[in-house]
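One structure below.
The values are calculated or read from the model by the stated rules, or taken from the named source; none is laboratory data. All values reported here derive from a predicted model rather than from experimental measurement. So basically every Cβ, Gly included, is an ideal-geometry build from the backbone, and we count neighbours across all protein chains shown. Calculation scope for accessible area: heavy atoms of the full protein, side chains included, ligands and nucleic acids excluded. Shrake-Rupley method; radii C 1.70, N 1.55, O 1.52, S 1.80 Å.
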There are 2 protein chains.
Amino acid sequence: MNGRQVSSSRARVCIQDVARHAGVSAMTVSRALRQPEKVSENLRRRVAEAVDRVGYLPNRIAASLSSSRSNVVGLILPSLRNSLFADTIQGISDVLHGAGHHLMIADSGYGLAGEEAAIRAFLQQRVCGLLLHNTWHTDAARRLIERVGVPVAEIGDLTPEPIDITVSYSNFEAARTMTLLLARRGYRHIGFVTLPLKDNARSVERQRGYLSAVAECGLAADPTLILELPSGIGSGAKAIDRLSEVNPGLDAIFFAGDVLAVGAILECRRRGWAVPGRIAIASFDDVDLLSFTDPPVTTVRIPRYDIGRLSAEAILDRVSGRALKPVTFDLAFQIIERGSA
Amino acid sequence: MNGRQVSSSRARVCIQDVARHAGVSAMTVSRALRQPEKVSENLRRRVAEAVDRVGYLPNRIAASLSSSRSNVVGLILPSLRNSLFADTIQGISDVLHGAGHHLMIADSGYGLAGEEAAIRAFLQQRVCGLLLHNTWHTDAARRLIERVGVPVAEIGDLTPEPIDITVSYSNFEAARTMTLLLARRGYRHIGFVTLPLKDNARSVERQRGYLSAVAECGLAADPTLILELPSGIGSGAKAIDRLSEVNPGLDAIFFAGDVLAVGAILECRRRGWAVPGRIAIASFDDVDLLSFTDPPVTTVRIPRYDIGRLSAEAILDRVSGRALKPVTFDLAFQIIERGSA
DNA sequence: ACAGCTCATGTTATCGATACCATCAACAAA
DNA sequence: TTTGTTGATGGTATCGATAACATGAGCTGT
């Protein structure tokens, strides 16, 4: 007897104890719980009884080790603070929990190195799938994932070099489409405000979309029309300030993310500028607030909940062997035309 | 040889393989990785080399089972969609990941039964600690937690019957204080808008705080001044509508949560009502938007990030044995006086 | 020079469940 | 009656790491 330390107070109940109480073997208990249809009616009842008599809580850690099968999916986001991710998380969670799986969350701190660290940590936890919001990754991260062979879904953007599954929309097309809309409406000096570009494929793609549209329309690609600002409402006001100062002819601004546009609307009102009379405003991401401002803001709506739901489903399909090959879901974004442009 | 199915393609590397390559025992590898100071300089190097030659990823599942120690903390929120929780999650995550721990998240769907299910699931995953936003729980949930003996921190409110650790602020006092402020400012017909009360201790406490303040000031506890509405900006406008219709004398509204107040501000502007001239508005939770509206909104600021940080720290202290007893952190809320009241 | 220590490393049993195979009863087919 | 088949249950090795103890080399002090 190799008496390993056992915290005496709380008696850990294991499957053996249940087996004893039910007068069967551990194996049978395991089966009765996981494949009730495989055991006799009678046994099923006896086991169920024993389970709650002794207060048995199956040990998923042991089950995972034994079956080399995990029921945890890891999600890595740039930041947990950004409320835009909330819908996606809910979509993921709804699917996973509905299927008896669990969700682990980490943030990359908006950095590739941070993402790699999180991936490594999750692989050590033996997650059965990974959901990555980033589409840029370090080489080491890609190698790790490939070597382990874990299913991965990238959900932040469509990408030319997917690791595996992709469930997203085209940031490029979304930004391009919105810019074209502004041009079609007759705006000729369209400012563009982007969130930080560093390590952020989505921001870069949106900017490319803007530039592409501008070129298509034969408008000047004036670098003074572009501004990179940190997230937050305050940045909206700052953008109005800076862009209009340098570009007197400015007649529209496309805010490529977050709640920037709300700040801009408020700032315009403060200045007494008519929107869209004096300046038009467009946004990215349909935060519900945008429909309540005066005027309500024209924006790109992203199917965030669905991205979460579908990506989780794709991962589960892979985990369960129902699907085997990489797939790409190109979810449609939607332009919501409101009064601001 | 009991050939268990092994997916042949991806060779799982285990500690034994590292040991072989380094010419030492598995135990030594384990030590070299976890307690480098316990092995010779020389070995440390050889093991490190072997680790990345063979591409070893420690299996935390096996480690947990073997040591009966987990490095995963479970967090249960009423909903993942609510962006108010984002700061708290970030606080928790920062602490946990800084200590090599992980975060599992589930939502209770704003229901006690949902919470119990999530707790049970997390205990099966053998989390080393639980963070609960609710302070109301089913009896079964309380029994489960007690029997397992896992450290728990309740973070949504201070409570007279804590399970264990509490890290929060007093919803009652916060609401009471704000209501008193309004009364002191001379408002006599103070409306109160609450989020749904069902299964939600926080909402109930806030309402109690309001009622307590109203009573203290000798104002009438008029039930027509109280309105229960679902979350969302739209509810703000609806509240203005309904309350002012029934109560012509209404001179202030205290919105006890979420972004309700923003909707109200926007609605007032639409109606051309002066704030606070025609009606004063106060809010709960300092969403940054509230400081950008016109007028900016007087509100209660909750130290959400700190709640996350401190609760995670408290759990880790308990897990590591540094702390043993239940504690309560009563974090101060803060009244932010702005122009709306 | 030898008991007594310390420090580095190895051996073995174990955590709790599951995969795989063995077994055995009941029953159908020949 | 015998063989084959099906269905229910049990036995044993195993997943991959770690705790606890064992070992053995090098060192100290008297």
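What is the number of the single condition among (1) within 15 Å of DNA strand D (Cβ to nearest atom); (2) over 31 Å from the mean Cα position of the chain (by Cα); (3) crowded, with 16+ Cβ neighbours inside 10 Å that residue B:59 does not meet?
Tallying (1) within 15 Å of DNA strand D (Cβ to nearest atom); (2) over 31 Å from the mean Cα position of the chain (by Cα); (3) crowded, with 16+ Cβ neighbours inside 10 Å, residue B:59 fails exactly one: (2).
Tell me, please, whether a residue that is among the small types (Gly, Ala, Ser), over 23 Å from the mean Cα position of the chain (by Cα), surrounded by 21 or more Cβ atoms within 10 Å (Cβ to Cβ) and within 14 Å of another protein chain (Cβ to nearest Cβ) can be found in segment A:264-271.
In the first step, residues of segment A:264-271 are kept if they are among the small types (Gly, Ala, Ser); the result is A:264.
From what is left, the residues that are over 23 Å from the mean Cα position of the chain (by Cα) are A:264.
Imposing the further condition that a residue be surrounded by 21 or more Cβ atoms within 10 Å (Cβ to Cβ) reduces the set to A:264.
From the residues that got through so far, the ones that are within 14 Å of another protein chain (Cβ to nearest Cβ) too are A:264.
Yes; the residues of segment A:264-271 include at least one that is among the small types (Gly, Ala, Ser), over 23 Å from the mean Cα position of the chain (by Cα), surrounded by 21 or more Cβ atoms within 10 Å (Cβ to Cβ) and within 14 Å of another protein chain (Cβ to nearest Cβ).
Could you grab the pairs with beta carbons closer than 6 Å, sequence gap of 6+ or different chains, first residue in segment B:274-301 and within 12 Å of chain A (Cβ to nearest Cβ), second one in a loop (DSSP other than H, G, I, E, B)?
Between residues of segment B:274-301 that are within 12 Å of chain A (Cβ to nearest Cβ) and residues that are in a loop (DSSP other than H, G, I, E, B), the close pairs are B:287/B:259; B:290/B:297; B:295/B:275; B:295/B:339; B:295/B:340; B:296/B:338; B:296/B:339.
Of everything in segment A:83-100, what is more than 7 Å from chain B (Cβ to nearest Cβ) and either crowded, with 22+ Cβ neighbours inside 10 Å or modelled with pLDDT under 95 (or both)? Give them in sequence order. First the steps, then the outcome.
Step one: list which residues in segment A:83-100 are more than 7 Å from chain B (Cβ to nearest Cβ), which gives A:84-85, A:88, A:91-92, A:94-96, A:98-100.
Hits for segment A:83-100 are A:84, A:85, A:88, A:91, A:92, A:96.
When segment A:31-63 is examined, which residues are found to be in a helix (DSSP H, G or I) and within 14 Å of chain B (Cβ to nearest Cβ)?
Kept after step one, since they are in a helix (DSSP H, G or I), are these residues of segment A:31-63: A:31-34, A:36-38, A:41-54, A:60-63.
Passing the criteria: A:33, A:34, A:51, A:52, A:53, A:54, A:60, A:61, A:62, A:63.
So is residue B:227 aliphatic (A, V, I, L, M), open to solvent by 10 Å² or more (accessible area, probe 1.4 Å) and in a helix (DSSP H, G or I) or not?
no
All but one of (1) within 13 Å of chain A (Cβ to nearest Cβ); (2) away from DNA strand D (no atom under 12 Å from the Cβ) hold for residue B:69; state the number of the condition that does not hold.
Result: residue B:69 passes all but (2).
Restricting to segment B:230-262, name every residue that is touching a Pro at 6+ places or on another chain (Cβ under 7 Å) and open to solvent by less than 10 Å² (accessible area, probe 1.4 Å).
As a first pass, look at segment B:230-262 and keep what is touching a Pro at 6+ places or on another chain (Cβ under 7 Å): B:230.
Within segment B:230-262, none qualify.
Starting from segment B:234-248, keep only residues that are at positive phi, then list their pairs with residues that are open to solvent by less than 30 Å² (accessible area, probe 1.4 Å) and not in a helix (DSSP H, G or I) whose Cβ atoms are within a distance under 9 Å, requiring at least 6 positions of separation or different chains.
So the pair list comes out empty.
Within segment B:304-325, how many residues are touching a helix residue (DSSP H, G or I) at 6+ places or on another chain (Cβ under 9 Å), open to solvent by less than 40 Å² (accessible area, probe 1.4 Å) and not β-branched (Val, Ile, Thr)?
Summing the residues that are touching a helix residue (DSSP H, G or I) at 6+ places or on another chain (Cβ under 9 Å), open to solvent by less than 40 Å² (accessible area, probe 1.4 Å) and not β-branched (Val, Ile, Thr) in segment B:304-325 gives 7.
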